[in-house]
Amino acid sequence: MSGGGPPKKRNFKIELFKHRVELDPKYAERTWKVLEHAIHEIYNHNASGLSFEELYRSAYNMVLHKYGEKLYDGLERTMTWRLKEISKSIEAAQGGLFLEELNAKWMDHNKALQMIRDILMYMDRTYVPQSRRTPVHELGLNLWRDHIIHSPMIHSRLLDTLLDLIHRERMGEMINRGLMRSITKMLMDLGAAVYQDDFEKPFLDVTASFYSGESQEFIECCDCGNYLKKSERRLNEEMERVSHYLDAGTEAKITSVVEKEMIANHMHRLVHMENSGLVNMLVDDKYDDLARMYNLFRRVFDGLSTIRDVMTSYLRETGKQLVTDPERLKDPVEFVQRLLNEKDKHDKIINVAFGNDKTFQNALNSSFEYFINLNNRSPEFISLYVDDKLRKGLKGATEEDVEVILDKVMMLFRYLQEKDVFEKYYKQHLAKRLLSGKTVSDDAERSMIVKLKTECGYQFTSKLEGMFTDMKTSQDTMIDFYAKKSEELGDGPTLDVHILTTGSWPTQPCPPCNLPTEILAICDKFRTYYLGTHSGRRLTWQTNMGTADIKATFGKGQKHELNVSTYQMCVLMLFNSTDGLTYKDIEQDTAIPASDLKRCLQSLACVKGKNVLRKEPMSKDISEDDTFYFNDKFTSKLVKVKIGTVVAQKESEPEKQETRQRVEEDRKPQIEAAIVRIMKSRRVLDHNSIVAEVTKQLQARFMPNPVVIKKRIESLIEREFLERDKADRKLYRYLA
């Protein structure tokens, strides 16, 4: 009996098989033969008789038992052999059947490739990535590329056939677009490099050559409009071609070729083409052609700037002719209307044809600003245009129409560099409208002032607004005068006085004329009343600005009411006591300035239908030797006859010089104020910087002359507002 003790522990060990289970080599060969046969059957369209499940298992076993390489190499050999056979079939196809045969074989190859990939799926998933071989489907595509597409007998023939078909389509023939789509898609499926190298690059080269020749042919025989139509049609055709049977990535490249050959290479010749280029299109309002040019030129580098430069040059040249033509300067209203018509015309072109392109709008604005300021009478003419519209031109117009016209005028006003000159004339014209009661609408007048105020600020319109205030105050004053003095006045002449604040109105010192005694009495009564009501004020009669209504009786007792100026009234009242007077008698009795008196007599004696006086000898002009008589034979169908003063619509040369001088004088304090403001904030500044800053501050009202700025600096130095730096004479210092 053995001694007791714990039982011995057993150790378990898992070992590898002593020998591998080898697959019979003949079995691997037999299995491959089965698979090879299946591949041939698939290519022969006999796949329906195959068991894909068994074929998959066979391929699976080969890969599992390390025969993946044999299987892969066998597949590659078999497919290569099949594709070489297919290549012969395609090469043998004649004429139009070539592409159809190529496409049919490609479709077959794709189907076969799908089935083969399904059978060899396990190899594709395991052996291929481990061995870094090409996947089955990609292998099939590469073999097709190498043995079919790059076949010496097929490669060039395929390219030539494709390019020939595209050329025939360009020339108007119908082609099989579906077949073309299939072929180009095949090239893309083989890889972008195949599509680009074997088709796209040669295609683009041939296209460039084609359109180079065609554009040359077109430009020799077509006008600009027709050339652009043909170019647009060709561009659309190429884009349509891409959408039907080329790769989408080709569109940008092919349109670039067409744009270069049809547009970029000829754009300068097109815009300058005689009788049909850009200028002719602008002149004749050819919106469709202009829009076509804009849309085509915008596609090429510098295209739009080419149009813009030619348009700007044309605008500046025609604008310059418009504002400097002596014939057109004779009628200021017509002059401004032409400017507005030109602006409307080109605004519409930019809006309709150029897509309201801001760069073109800026070019238009800069052109107008350039040529409007070539004529230093533009501010005066624009003010005269407004005067004409607000006197009579807007009668019957709706509020909207009035706003449109005033907005257009403001647009021209913005172009003016000398806005202060406009203000000077506008004030004169507004004063005449208000004092004569000839404004068509108070609302329109106020609307214009609001627009000017918005554009230039309160300072610009403060005096204009003061004129309206004076008119309202004058009405109230006259009501009060007649309420308090009606008993004293009796049945004598009626007086209506406008009291104008000095400084708000454009009044000039004027020697008073000798008023008739009948009028003097009531004038004195008003003066006494007014000065008694307002202490510390002074009244000066502006007889050159007034009007009068007088009753006149002519031959056969015919009575008329004459609406005349104060000067004309003074002259006519002389004929109450005499039938005839010489020019010198009238001048002595009335004390009216000679230039005003001549215009006054001219309007009373020389205007047909208004000649209440007659003169001897009869002529259009007034001389100091003339004698004037009351025209007893005057007749008119109207009871009320308005006799205007013969006056030039525009200023005479001396008047123009005087206005210009007043403007220059008014600018001096503005320039000085700007200099002081700048120096107060900067303390020390050099001359050029002051000139630049002053110009920047004042250019909204006028463009200051650097010479004048220098003189104003000198004046400020003399008055000890500034001093020159002792070390650097170009520097100025502000003196507090």
Picking from K463, K525, K432, which residue would you name as being more than 30 Å from V386 (Cβ to Cβ), open to solvent by 20 Å² or more (accessible area, probe 1.4 Å) and touching a Lys or Arg at 6+ places or on another chain (Cβ under 9 Å)? K525
Being under 18 Å from R701 (Cα atoms) and open to solvent by less than 10 Å² (accessible area, probe 1.4 Å) is the filter here, so list the residues in the range 404-419 that pass it. V409, M410, L412, F413, L416
In the set E720, E714, E693, the lone residue that is free of Cβ contacts under 8 Å to residues at least 40 places away in the same chain, at positive phi and open to solvent by 40 Å² or more (accessible area, probe 1.4 Å) is E720
Out of the range 669-712, which residues are of a type in the set (S, T, N, Q) and not in a loop (DSSP other than H, G, I, E, B)? Q670, S681, N688, S689, T695, Q697
Lone unmet requirement of (1) within 25 Å of G503 (Cα to Cα); (2) modelled with pLDDT of 85 or more; (3) surrounded by fewer than 19 Cβ atoms within 10 Å (Cβ to Cβ) for E369: (1)
Can you pull out the residues in the range 536-569 that are in contact (Cβ under 8 Å) with a residue 40 or more places away in the chain, under 30 Å from H429 (Cβ atoms) and of a type in the set (F, W, Y)? Y567
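Let's see how each residue does on (1) surrounded by fewer than 16 Cβ atoms within 10 Å (Cβ to Cβ); (2) closer than 30 Å to T184 by Cα; (3) among the aliphatic types (A, V, I, L, M):
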| site | (1), (2), (3) |
| --- | --- |
| Y67 | no, no, no |
| Y72 | no, yes, no |
| M79 | no, yes, yes |
| I116 | no, yes, yes |
| I119 | no, yes, yes |
| M123 | no, no, yes |
| P135 | yes, yes, no |
Residue match in the range 352-365 (condition: out of contact with any Pro (no Cβ under 6 Å at 6 or more places or on another chain), open to solvent by 50 Å² or more (accessible area, probe 1.4 Å), under 25 Å from K427 (Cα atoms) and not in a helix (DSSP H, G or I)): no
When you check G355 against the structure, is it under 12 Å from the mean Cα position of the chain (by Cα) and at pLDDT below 95, yes or no? yes
Of the numbered conditions (1) free of Cβ contacts under 8 Å to residues at least 60 places away in the same chain; (2) assigned to a helix (DSSP H, G or I); (3) among the basic types (K, R); (4) closer than 24 Å to Q475 by Cβ, K389 fails exactly one; give the number of that condition. (4)
So which residues in the range 251-267 are open to solvent by less than 30 Å² (accessible area, probe 1.4 Å) and over 15 Å from C224 (Cβ atoms)? I254, T255, V257, V258, E259, E261
Filter the range 42-55 for residues that are surrounded by fewer than 20 Cβ atoms within 10 Å (Cβ to Cβ), closer than 23 Å to M107 by Cα and of a type outside the set (S, T, N, Q); the one that is nearest to the chain's Cα centre (by Cα) is H45
Could you check the range 604-626 and list, in sequence order, the residues that are at pLDDT 85 or above and small (G, A, S)? none
By my count, helices (runs of 4 or more DSSP H) wholly in the range 96-183 with at least 3 residues that are outside the structural domain of M79 (by TED's automatic domain parsing) are 152-170
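The values are calculated or read from the model by the stated rules, or taken from the named source; none is laboratory data. Predicted model only: the values in this text are computed from it and were never measured. No Cβ is skipped: glycine too gets one built from the backbone with ideal geometry, and neighbour counts run over all protein chains shown. We work out accessible area using only protein heavy atoms, side chains counted, and drop any ligands, DNA or RNA first. Shrake-Rupley method; radii C 1.70, N 1.55, O 1.52, S 1.80 Å.
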